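To start, the structure itself, in structure tokens.
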Amino acid sequence: MYFLAIDIGASSGRHVLGAIINGKIELTEIHRFKNGMVEKNGSLCWDVEKLFDEILTGLAKCKAIGKIPQSIGIDTWGVDFALLDKNDNTIGNIVAYRDSRTNGMDKLLCEYISEAELYARTGIQKLPFNTIYQLLALQKQNPEVLAQADALLLVPEYFSFLLTGVRKHEYTNATTTGLVNAHSHNWDFELIDRIGLPRHIFGEIAPPGTKLGSLLPHIREHIGFDCNVVLPCTHDTASAVVSAPTDVGSVYLSSGTWSLMGVELDEPICTEASRQANITNEGGFGFKYRYLKNIMGLWMIQCIKTELDDKYSFEELCTLARENSNFPSRIDVNDQCFLAPHSMIDAIKTACAKKGQAIPETPGEIAFCVYQSLADCYANTVTELESLTGVNYDKICIIGGGSQNTLLNQLTAKACGKTVTAGPVEGTAIGNILVQMIATGQLGDIAEAKQLVKNSFEIEIY
């Protein structure tokens, strides 16, 4: 019995089939494709038509190799959305979170609600691209777009809608909007009304594991089979956390384009101290809370690699960084100047110069500056988590593509003074598949799912 995870990140996507064979989960990558932002009418957008074509291509490949999934689930990044009119047509483009349209929207929001009250209600970390700021930007800059809208769907919900015709929100991703009440697990309609957003565009929020139904007839005809569509944890980090081999004394670190570092809690922490630390309370499987911090992550290295005309592989950049491990300069990786700079290398050099530090010149110096700064940020974040939760953590579980970065893992272990484990690499796809298995009854619960991960994958220890 196969289950298909369609895991789409900001730079690439993949279709991964999972099945339990001899007591272990075995994965088969069926299809992989590139993703990235494109400029449309002066805005950074996602090419959702191309992405949906890739989704269908991967599904057709399942038919071609004779491995028809029992169900499929789609996860992506958070906050970005499509607006649909009454005829289910999209209104405008799906603008990417790195677009500049949200500049200044945090100040505008303060005219409606203070940052302290907003955090007390939603528990969500202030990030300039959160959905709440994107909607304010639309309200201010393109009110006619919101006026036409009959529904809002976050990106993975939109793709699931295209497959099934069912409009439904999923809890873990909905929380990234900054519009879900941290205590009720539902839209904060008092907040929505206060801001003046149209409440009718916010539909039912379903928990991960919800079955949407079968594929639409034209989709079945196109790919050659039918199957169920299940809402996994549609936010990629929430799916990754499901697969993390954590226990009570563990911090997880989902390492990829973004670094998401945190712990799972039964109740949110919406205190002023937590807000000042800029830690978020995003939704998790089983209505847990992913108490975590968003950290800029390997996006910076990806940009550096591209700026160097891909002359060096990621492994070669790590080697060069290791050779320059005495380089002294450090940067604040969460500075907004690194969110979408014209030149990441120039932004790093400027940041060092402003602090009166040595300016990195060679690829090795630049890469080491980023890697060590990331590790230092992880260490600071662990300290904050321990202070705010009152728990001392002895282990950091790194999952995702970044778990393959031996240098960064070593730097993290040293900076944090903790045991670091690395793996599984395809944490997000695995978590997606595990939720589908729970939804269909092949696995009993989340504890059984996590034990299956521990039995199935080799975990490196630092």
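The values are calculated or read from the model by the stated rules, or taken from the named source; none is laboratory data. Remember, predicted model here, so these are calculated numbers, not experimental data. Quick reminder, even Gly has a Cβ in these numbers, built from the backbone with ideal geometry, and neighbours come from all protein chains shown.
Taking K288, is it in contact with a Cys (Cβ under 9 Å, 6 or more places away or on another chain), charged (D, E, K, R), in the same structural domain as S373 (by TED's automatic domain parsing) and within 28 Å of C233 (Cα to Cα)? Reasoning before the result, please.
Details: in contact with a Cys (Cβ under 9 Å, 6 or more places away or on another chain): no; charged (D, E, K, R): yes; in the same structural domain as S373 (by TED's automatic domain parsing): yes; within 28 Å of C233 (Cα to Cα): yes.
In short, no.
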Original post:
When only residues in segment 1-39 that are surrounded by 15 or more Cβ atoms within 10 Å (Cβ to Cβ) and charged (D, E, K, R) count, which is nearest to V155 (Cα to Cα)?
Top reply: D7
Original post:
Wholly within segment 8-61, which strands (runs of 3 or more DSSP E) include no fewer than the required count, namely at least 1 residues that are more than 19 Å from T90 (Cβ to Cβ)?
Top reply: 12-21, 24-34
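From I345, I331, which residue is touching an Asp or Glu at 6+ places or on another chain (Cβ under 6 Å), within 20 Å of E307 (Cα to Cα) and assigned by TED's automatic domain parsing to the domain that holds I304?
Numbers: I331 fails: touching an Asp or Glu at 6+ places or on another chain (Cβ under 6 Å).
Unique residue meeting the criteria: I345.
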Original post:
Is at least one residue of segment 40-50 buried (at least 18 other Cβ atoms within 10 Å of the Cβ) and under 26 Å from I65 (Cβ atoms)?
Top reply: no
**OP:** May I ask you to list pairs of residues, at least six apart or on different chains, whose Cβ atoms are under 6 Å apart, with the first in segment 439-462 being assigned to a loop (DSSP other than H, G, I, E, B) and the second being buried (at least 18 other Cβ atoms within 10 Å of the Cβ) and not polar (S, T, N, Q)?
**Re:** L443/M437; L443/A449; F457/G423; F457/P424; I459/G423; Y462/A413; Y462/V420
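If you check T210 against the conditions, is it under 15 Å from V79 (Cβ atoms) and among the hydroxyl-bearing types (S, T, Y)? Break it down stepwise before answering.
Numbers: under 15 Å from V79 (Cβ atoms): no; among the hydroxyl-bearing types (S, T, Y): yes.
The answer is no for T210.
Within segment 96-119, can you find the residues that are of a type in the set (D, E, K, R) and farther than 26 Å from E272 by Cβ?
Initially, segment 96-119 is screened for residues of a type in the set (D, E, K, R), giving 98-99, 101, 106-107, 111, 115, 117.
Within segment 96-119, R98, D99, R101 qualify.
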Original post:
Given the residues E323, E365, E316, which is the only one that is over 27 Å from T177 (Cβ atoms), crowded, with 21+ Cβ neighbours inside 10 Å and among the acidic types (D, E)?
Top reply: E365
Original post:
Restricting attention to segment 131-145, does a residue exist that is in a loop (DSSP other than H, G, I, E, B) and crowded, with 16+ Cβ neighbours inside 10 Å?
Top reply: no
Original post:
Which residue, of D99, D80, is closer than 24 Å to S11 by Cβ, in contact with a Phe, Trp or Tyr (Cβ under 6 Å, 6 or more places away or on another chain), touching a residue at least 12 places away in the same chain (Cβ under 8 Å) and among the acidic types (D, E)?
Top reply: D80
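When you look at I65, is it modelled with pLDDT of 95 or more, over 24 Å from F202 (Cα atoms) and surrounded by fewer than 17 Cβ atoms within 10 Å (Cβ to Cβ), yes or no?
Details: modelled with pLDDT of 95 or more: yes; over 24 Å from F202 (Cα atoms): yes; surrounded by fewer than 17 Cβ atoms within 10 Å (Cβ to Cβ): yes.
So I65 fits the description; yes.
Restricting the search to segment 316-333, which residues are assigned to a helix (DSSP H, G or I) and out of contact with any helix residue (DSSP H, G or I) (no Cβ under 7 Å at 6 or more places or on another chain)? Walk me through it before giving the result.
Just the residues of segment 316-333 that are assigned to a helix (DSSP H, G or I), to begin with: 316-323.
Those that are assigned to a helix (DSSP H, G or I) and out of contact with any helix residue (DSSP H, G or I) (no Cβ under 7 Å at 6 or more places or on another chain): E316, T319.
So which residues in segment 232-262 are among the aliphatic types (A, V, I, L, M) and surrounded by fewer than 24 Cβ atoms within 10 Å (Cβ to Cβ), if there are any at all?
Within segment 232-262, the first condition is being among the aliphatic types (A, V, I, L, M), and the residues that meet it are 238, 240-242, 244, 248, 251, 253, 260-261.
Listed by number, the list holds a single entry, V248.
What tally of residues in segment 244-283 results from selecting those that are among the aliphatic types (A, V, I, L, M) and in contact with a Ser or Thr (Cβ under 6 Å, 6 or more places away or on another chain)? Write out each step before concluding.
Step one: list which residues in segment 244-283 are among the aliphatic types (A, V, I, L, M), which gives 244, 248, 251, 253, 260-261, 263, 265, 269, 273, 277, 279.
Cutting the leftovers down to in contact with a Ser or Thr (Cβ under 6 Å, 6 or more places away or on another chain) gives us 260-261.
Of the residues in that region, 2 qualify.
Using the structure shown, decide if S255 is in contact with a helix residue (DSSP H, G or I) (Cβ under 6 Å, 6 or more places away or on another chain) and touching a residue at least 60 places away in the same chain (Cβ under 8 Å). First the steps, then the outcome.
Numbers: in contact with a helix residue (DSSP H, G or I) (Cβ under 6 Å, 6 or more places away or on another chain): yes; touching a residue at least 60 places away in the same chain (Cβ under 8 Å): yes.
Criteria met by S255.
Mind checking which residues of segment 10-62 are small (G, A, S) and more than 22 Å from the chain's Cα centre (by Cα)?
To start, the set of residues in segment 10-62 that are small (G, A, S) comprises 10-13, 18-19, 23, 36, 42-43, 58, 60.
Residues satisfying the conditions are A19, G23, G42, A60.
Kindly indicate whether A64 is in contact (Cβ under 8 Å) with a residue 40 or more places away in the chain, assigned by TED's automatic domain parsing to the domain that holds D193 and small (G, A, S).
For A64, the condition - in contact (Cβ under 8 Å) with a residue 40 or more places away in the chain, assigned by TED's automatic domain parsing to the domain that holds D193 and small (G, A, S) - is not met.
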**OP:** Name the residue, out of D236, D193, D150, that is assigned by TED's automatic domain parsing to the domain that holds K61 and within 28 Å of I279 (Cβ to Cβ).
**Re:** D193
Original post:
Is it fair to say C397 is hydrophobic (A, V, I, L, M, F, W, C) and either more than 30 Å from H15 (Cβ to Cβ) or without any contact (Cβ under 8 Å) to a residue 12 or more places away in the chain (or both)?
Top reply: no
Original post:
Does segment 396-410 contain any residue that is in contact with a Leu (Cβ under 6 Å, 6 or more places away or on another chain), modelled with pLDDT under 95 and assigned to a helix (DSSP H, G or I)?
Top reply: yes
